[in-house]
Every structure is written in C-alpha cells, then in structure tokens.
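Q: Have a look at this one.
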Amino acid sequence: MRTDIFARLDREPEPPKIEVPRMTRTRLALFGGTSAFYLAIVVAVLLSTWLVTLDWKIMLFRPYQQWPELHAFLDYYVVLGQRGPTAVMVAAWLGWRSWRQHTLRPLLCLGAALLLLNATVGAVKLGLGRLGPHYATQVGSAELFAGGDIFPSGHTANAVVTWGILAYLATTPRARRYLSALSAVVALGVGLTTVYLGTHWLSDVLLGWAAGLVILLALPWCEPVIAVAEAWILGLRDRLREQLRARRRLVPSLPVATGGPVPGLFPQRPAGAEEPVREKIGAGTGRAVAGRAGGLPTPPLAPPRTHHTVRSERSPVSPAGSRRPPHSRPATGG
C-alpha cells in the first residue's frame, strides 16, 4: 500500500511549472547594501582600522583554549563549510530533483554559483595575500600581501552559497523560509567555528558572509544563461537518442544461421530483376552457358579441369617377360 511519502519519490509525469526568481527591487537593494558592506570590510582591513585591532584581541584571547570541551565537536562541524563534501551532498539532492522534475536547472544553478564563488573569492584571496592568525608575524598588523590566502574565509562563503542554494531553488514560500533560516544558521556557525579554532580572523568571516550573499543575490542575472545551457544540453541529448535509434533500425534483428549468408556481405538483387537461367548444352562438352533476360551476353565458363591420377592411385603393371637372362643351351652335365 502506497503512502504520500513514497508517492513523492516517483518521477512527476509532467515537468512542473517552476517560477524562476527575478531581480526585484528588494533583491537589488539587498545586493547593493551587501556589496557596500563588502567594500567597507576590505577598506577597513587595508587601512588597519579598529577592525584589525578587534581581530588581534580575539586572536590573543585564544578561544580554543577557553572551552576545550567544544573542540572535538567543532572539528567535525566545520566540515559543513568545506567545498568538496558539501558540494557532493547538495549535488546528490539537486540531481534527484532534476530527474524528478525533468529539468537540469537545479544542477546548473549550483554549478554557476560554485563557479562564481571560486572566481571571486579566489581572486580576492590571492590578490590580498593575508596570513592567518597562526602565521601572524607582527602584533597589530593586518598581515596583508604576505603570501597568504585566507581573506575572505572560503569555508564561510562556501557554507553561505552551498546551503543557501537550497533556499534559492525552493518551489514554495514556506520551504524557502525554512531553508533560508537553516542555511543562515549553518553559515553563521561555520564562520564562528573558524574563529574559535583560530584558523581565520573575524574580518575574514565577515567578508566571507558578504561574499557568499552577494553571489546568491546575483544569481537571477545568470538565469538566462542557465536556460540557454539547459536547452543546448537537452537538444544534444535528443540528437544522440535519434542517432542511436537510427543505428538500431539499420541493424537486422533476425539471427544468422551457422554457415548461411551474412546480411549485407553480398549485394542484393534489385526488386523486379529476373533470376538468371542456366542450361546445359552439349553433353560431352562439359560446359554450361548462362542466359540472361534481355539477351545480354554472358562470359564463357572456364574449361573443365583434367584429372591427373597420382602415383598411389595407378594400378600396378606386371612385366611382360621374365628378367632372367636367356640361356643359349640347357644346363646339362659334361
């Protein structure tokens, strides 16, 4: 007996009508405000303002030594911000949704978000080159342009994008609210965990939250490109299916008997052509002439081969006379 839970696991008979998010005024205002906050954090770190001082105060406080009982749990919790494990988990869920809803949009949205994340966050990391708290060299310094790669926090930005994409792709307002709250809690916890473990400054985490949120807010601008990519991939799939079906039609379905003619090995006679007629003439000649319809000349047949017997097949020939030399006189005594 089927229940509603198992019924939802089946593939929907027809693709549902999914409303694609648009760049509304509210979203545009949030995008502008988050971008301004992003720039403010970068400028504050570049100028070594009060934010850098706060970073050093938290670092010298050493939170990982204050509550050691939380260390073991937070070591596992911070994995929710690592790009590899989280991308695999979310991609598996979105892949099932793509199969069920007959669309590639969930997977393509995830791919576009991760691509933007790697490009923007990676460029800022390498450009500023900030060192982490464990590798700091001078107290009170921003530790910029020293060959590091922690500003902004990749764990935090990845947590915002990877878990926030679930809320972005929600199909109902209720699911969108719940998933937004869940992704916010996870991203907030991952960012604070990196500060507790001493792997990031507080400003790194603030910039990571802003970087991930900017990418999520900018995704509606990528929807036209995602739609074109989806149409191209589905069209390529349909063309490959047609080619496979055409090849299956050309291959004969009946098996070939052992020793029989192989289909397609010899050319077939066109429809309407008459069967050539062969008749024997001249009983002793050992030659047959083939006559074709329409009086067309036929090539002469090869002459019959002469059978030569081998030595073992020849009948033995007895000598005509004795091989003893003849005697001129009888053998008598005397």
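Q: Hey, among the residues in the range 81-90 that are in a helix (DSSP H, G or I) and open to solvent by 50 Å² or more (accessible area, probe 1.4 Å), which one's nearest to Asn118 (Cα to Cα)? Write out each step before concluding.
A: Filtering the range 81-90 for residues in a helix (DSSP H, G or I) gives 81, 83-90.
Narrowing the set further to residues that are open to solvent by 50 Å² or more (accessible area, probe 1.4 Å) leaves 83, 85, 88-89.
On the way: Arg83: 10, Pro85: 16, Val88: 16, Met89: 18 Å.
The extreme case among them is Arg83.
Q: Moving to a separate point now. Which ones in the range 109-153 are aliphatic (A, V, I, L, M), closer than 30 Å to Ala92 by Cα and more than 29 Å from the chain's Cα centre (by Cα)?
A: Residues of the range 109-153 that are aliphatic (A, V, I, L, M), as a first pass: 110, 112-117, 119, 121, 123-124, 126, 128, 131, 136, 139, 142, 144, 146, 150.
Next, only the ones that are closer than 30 Å to Ala92 by Cα stay: 110, 112-117, 119, 121, 123-124, 150.
Within the range 109-153, Val124, Ile150 meet the criteria.
Q: A further question on this structure: Identify, from the list Val186, Val205, the residue that is under 30 Å from Phe61 (Cβ atoms), in a helix (DSSP H, G or I), touching a Gly at 6+ places or on another chain (Cβ under 6 Å) and β-branched (Val, Ile, Thr).
A: On the way: Val186 fails: touching a Gly at 6+ places or on another chain (Cβ under 6 Å).
The conditions single out Val205.
Q: Then there is this: Quick one: which residue in Pro224, Pro173 is at pLDDT below 90 and open to solvent by 30 Å² or more (accessible area, probe 1.4 Å)? I'd like the intermediate steps shown before the answer.
A: Numbers: Pro224 fails: at pLDDT below 90.
So the residue among Pro224, Pro173 that is at pLDDT below 90 and open to solvent by 30 Å² or more (accessible area, probe 1.4 Å) is Pro173.
Q: Can you tell me which condition Met23 does not meet? The list is (1) part of a helix (DSSP H, G or I); (2) surrounded by 10 or more Cβ atoms within 10 Å (Cβ to Cβ), and all the others hold.
A: (1)
Q: Output the residues belonging to the range 57-71 that are assigned to a helix (DSSP H, G or I), open to solvent by less than 100 Å² (accessible area, probe 1.4 Å) and either at pLDDT 90 or above or of a type outside the set (Ser, Thr, Tyr) (or both). Step through it out loud before you land on a result.
A: First, the residues of the range 57-71 that are assigned to a helix (DSSP H, G or I): 57-61, 63-66, 68-71.
Applying the additional criterion that residues be open to solvent by less than 100 Å² (accessible area, probe 1.4 Å) yields 58-60, 63-64, 66, 68, 70-71.
Once the filter is applied, which keeps residues that are assigned to a helix (DSSP H, G or I), open to solvent by less than 100 Å² (accessible area, probe 1.4 Å) and either at pLDDT 90 or above or of a type outside the set (Ser, Thr, Tyr) (or both), the range 57-71 yields Ile58, Met59, Leu60, Pro63, Gln66, Pro68, Leu70, His71.
Q: Would you confirm whether or not the range 101-122 contains a residue that is open to solvent by less than 70 Å² (accessible area, probe 1.4 Å), free of Cβ contacts under 8 Å to residues at least 60 places away in the same chain, of a type in the set (Ser, Thr, Tyr) and in a helix (DSSP H, G or I)?
A: no
Q: Look at Asp75 and say whether it is of a type outside the set (A, V, I, L, M), in a helix (DSSP H, G or I) and over 26 Å from Tyr38 (Cα atoms). Lay out the reasoning, then the answer.
A: Values: of a type outside the set (A, V, I, L, M): yes; in a helix (DSSP H, G or I): yes; over 26 Å from Tyr38 (Cα atoms): yes.
It is true that Asp75 is of a type outside the set (A, V, I, L, M), in a helix (DSSP H, G or I) and over 26 Å from Tyr38 (Cα atoms).
The values are calculated or read from the model by the stated rules, or taken from the named source; none is laboratory data. What you see is a predicted model; the values in this text were computed from it and never measured. We place every Cβ from the backbone using ideal geometry, glycine too, and count neighbours over all the protein chains shown. Remember, those area values only see protein heavy atoms, side chains included, never the ligands or the DNA or RNA. Shrake-Rupley method; radii C 1.70, N 1.55, O 1.52, S 1.80 Å.
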